[in-house]
Protein chains: 2
Amino acid sequence: MTTPGESTGINEPKGVSRRGLLSGALVAGLGGAVVGAAGGGTAAWTMASSRAATADDVDGVDLDRSHPFYGTGRQGGISTEPQRHTVFMTFRLAEAASSTSVQTLLARWSAAAAVMQDGRPVGTVQPEDDVAPPVDTGEAFGLSPASLTVTIGLGPALFDGRFGLAAHKPAAFTDLPTLNGDVLDPNFTGGELSVQACADDPQVCYHAVRNLARLGRSTVSPFWAVLGFGRASAGTGQETPRNLLGFKDGTRNVETDEQYDEFVWIMNGDQPWMEGGTYQVVRKIRMLLETWDTDRVGNQQQIIGRHKEEGSPLSGRREKDTPDFALKSATGDPVIDPLSHVALAARENNDGVMIKRRGYNYTDGLDPNGELNAGLLFISYQNDPQHFIRLQNRLGGHDLLNEYIRHVGSAIFAVPPAPERGHYVAQGLFE
Amino acid sequence: MTTPGESTGINEPKGVSRRGLLSGALVAGLGGAVVGAAGGGTAAWTMASSRAATADDVDGVDLDRSHPFYGTGRQGGISTEPQRHTVFMTFRLAEAASSTSVQTLLARWSAAAAVMQDGRPVGTVQPEDDVAPPVDTGEAFGLSPASLTVTIGLGPALFDGRFGLAAHKPAAFTDLPTLNGDVLDPNFTGGELSVQACADDPQVCYHAVRNLARLGRSTVSPFWAVLGFGRASAGTGQETPRNLLGFKDGTRNVETDEQYDEFVWIMNGDQPWMEGGTYQVVRKIRMLLETWDTDRVGNQQQIIGRHKEEGSPLSGRREKDTPDFALKSATGDPVIDPLSHVALAARENNDGVMIKRRGYNYTDGLDPNGELNAGLLFISYQNDPQHFIRLQNRLGGHDLLNEYIRHVGSAIFAVPPAPERGHYVAQGLFE
């Protein structure tokens, strides 16, 4: 295992990708510079690779796509077109962690994320001299970038004084209070750092998080992790993805630049290092699917406030129709129940506030009673944690859906902007 | 919830797919006949759907592909080109289950599998009269078939006398004995029925298994389940998929018709209902990834017997090179360690025996120690369970890899041939 004092082993040779010709040939020292502030070492061994002749005959358009890590202003995985899969992992810092080791970790993670988003191995898979373990674990070798984005977040505990960062904590950034309806499992709650790896291939997601965990091993240990699926639309036929309740989820989401600027990106905040960043809220929401599945569609629709098939509000016919919360039925009742999910969450009923929802379905198999252990890994981005807190307190207190869901996991992280090349995520926090 | 005495609610209207125009319009009673021997009911409500104009702009070729369920001789998901994802679930029978209820279950499952493989909802998503829960849970509505195959298996306990089937048990079919290296967790071991749903979209897999579990609810209860990923190659760039050890897995697999006939399909067996069927062995193999990742590549390669990058045997240069177990190095040692995985498993060292391996990687997140809880959902198909037993006893006793893996789950199932249209899986067993 490498340690922070050593070279990151993360190279940036030009034109080298994970998709190798698989000739078995290795070329040593292509001369890439080690990236980021972490590694003091020089170029390490790397693999000779060039695009395979057979690559991407089937879904080339999608899987060949890559997102840059550096210089984009915002970190990826927030306003990025949703990928099909995620692996989300939180970490706890080792007792021995210092400000320097946290910086080194963030630098190594940034360098590795940049390389992996480009579809390249994190250093060598197979060192020619064979005196050390390979840097890259290898299971993604040959795979395309698959639109990988790595999103790195910092938990509130990072600012507790251990690392001299208390003065740099944004005033808005605190741990989430206990919210209405919380039944949190401590095994899925909190964390001092987070990594969200999203891609169109789950093996690419898993590889990314596993390798970051490995690179950070002396500084952090994995705390909890969720594999998410099924929440993206491109090419699958679900223009708006459906959650495991069978309903469309994400119809009225933050989409326009103006909405991102107003509700997602931090601008003119109290901490320069978070300028252009955002806050990530993660909730592991178990769905009681067997109970839900015994419910009539009419009742399901009343609870959600939308038609199941079309996804239209009960007051309308088309998915994108604006809900009319004032519309009354012939009997004088509101057509959209005021305690429905859509009514409680709608911007019209929350002083115009929106949050960017970017979650995934998950399954943990079966619970000890043989019931489906599955639900939604809810992930939202917002420039003020209070926006989420307020929404969830309303939903947790009143939502008709509460009979069918349990918030079992929860965490919040500050997500700094993307670094420029040669820098790393949250570097400004330490300067 | 529907019960076996009611209509299956599973319709076969012509030209109706899950990928609807999403107009919100419903057309009642398109007049499809209820399929299979199970349902005594008549046509139920169904959804008006036609191909969406925007379908498949991105990965159309792949996701639009569908496999027929009926009349194919063999069940799908065995010799089918591997799909990217699986949800595998085992079931236990209710105490009250009878021969009739098991037949009804298999008929309902067959009818539903046929409909879902065709990319259609299992009955209604949204009944127009709204007096009952929807038959289909809805989360796959709009999704394409995604090459779904549903493979249904029968566990050895089904033949224990409860259902009058003891005389129809193939002589070769017994529960797996305790094998060398077993450290089985009873929560992932055994099962009286199995469903393997493979598709190129995990939401399609999950939907299939969830809906089968729901249709069978009064007869069976789910026992254990695993979500698998990352084991298919088409379009991803890994011509041979890699397991989480980072090595290619499946290079020397059953591929030709002759190999399938010799090692996979049952022919001239002792039970006519299993003619053309096979046996499914499932092993949940935890990999100790952190330990593996600290190992030198040279040692990893010695353990596997192959080069990590190319996948070639240590005696050769190309992945497909035949391993030369007799080749000696300059020092007189065998180039491929006789206790390496490839040496112990090779047909050359096992009287020519092969098994069809068709497993997937899995992750269960983290274990209580914060270690990666992940590995291989090994699934193999063979026409004689003894072939697997013999191989695994050799591997479990001697394989250098045993230091890094744990067999924590295990089951075996008889997989009958595919039914003809109008019939159901294993119908011959009851006649």
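The values are calculated or read from the model by the stated rules, or taken from the named source; none is laboratory data. Please read these numbers as outputs of a predicted model, since none were measured by experiment. Counting neighbours? That spans all protein chains shown, and the Cβs are built from the backbone with ideal geometry, glycine included.
Brief remarks on what is shown
- Taken together, the residues in the stretch B:107-135 that are at the interface with chain A (Cβ under 8 Å from one of its Cβ atoms) and not small (Gly, Ala, Ser) amount to 7.
- So A:Ala330, is it within 28 Å of B:Pro127 (Cβ to Cβ) and either within 27 Å of the chain's Cα centre (by Cα) or within 10 Å of chain B (Cβ to nearest Cβ) (or both): no
- Taking the stretch B:76-106 as the range and being among the polar types (S, T, N, Q), within 13 Å of another protein chain (Cβ to nearest Cβ) and under 27 Å from B:Asp160 (Cβ atoms) as the test, only B:Thr90 passes.
- A:Asn361 being within 14 Å of chain B (Cβ to nearest Cβ) and either modelled with pLDDT under 95 or closer than 23 Å to A:Asn243 by Cα (or both): yes
- Search result, residues across the stretch B:308-350 that are closer than 20 Å to B:Val281 by Cα and in a loop (DSSP other than H, G, I, E, B): B:Ala346, B:Asn350
- Residue check, B:Gln301 outside any loop (DSSP other than H, G, I, E, B) and either buried (at least 19 other Cβ atoms within 10 Å of the Cβ) or touching a residue at least 60 places away in the same chain (Cβ under 8 Å) (or both): yes
This table checks each residue for (1) at pLDDT below 95; (2) surrounded by fewer than 24 Cβ atoms within 10 Å (Cβ to Cβ).
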{"position": "A:Leu93", "(1), (2)": "no, yes"}
{"position": "A:Ser98", "(1), (2)": "no, yes"}
{"position": "A:Ser101", "(1), (2)": "no, yes"}
{"position": "A:Ala113", "(1), (2)": "no, no"}
{"position": "A:Gln117", "(1), (2)": "no, no"}
{"position": "A:Val122", "(1), (2)": "yes, no"}
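- Residue that is closer than 21 Å to B:Leu288 by Cα and more than 9 Å from chain A (Cβ to nearest Cβ), where the choices are B:Gly181, B:Gly190, B:Gly216: B:Gly181
- Of all residues in the stretch A:281-298, those that are in contact with an Asp or Glu (Cβ under 7 Å, 6 or more places away or on another chain) and without any contact (Cβ under 8 Å) to a residue 60 or more places away in the chain total 3.
- When restricted to residues that are within 18 Å of A:Leu154 (Cα to Cα), under 16 Å from the mean Cα position of the chain (by Cα) and in a loop (DSSP other than H, G, I, E, B), the stretch A:172-228 contains 3.
- Test result for A:Pro170, in contact (Cβ under 8 Å) with a residue 24 or more places away in the chain, crowded, with 17+ Cβ neighbours inside 10 Å and within 14 Å of chain B (Cβ to nearest Cβ): no
- Single unsatisfied condition, A:Glu239 versus (1) part of a helix (DSSP H, G or I); (2) at pLDDT below 95; (3) of a type in the set (Asp, Glu): (1)
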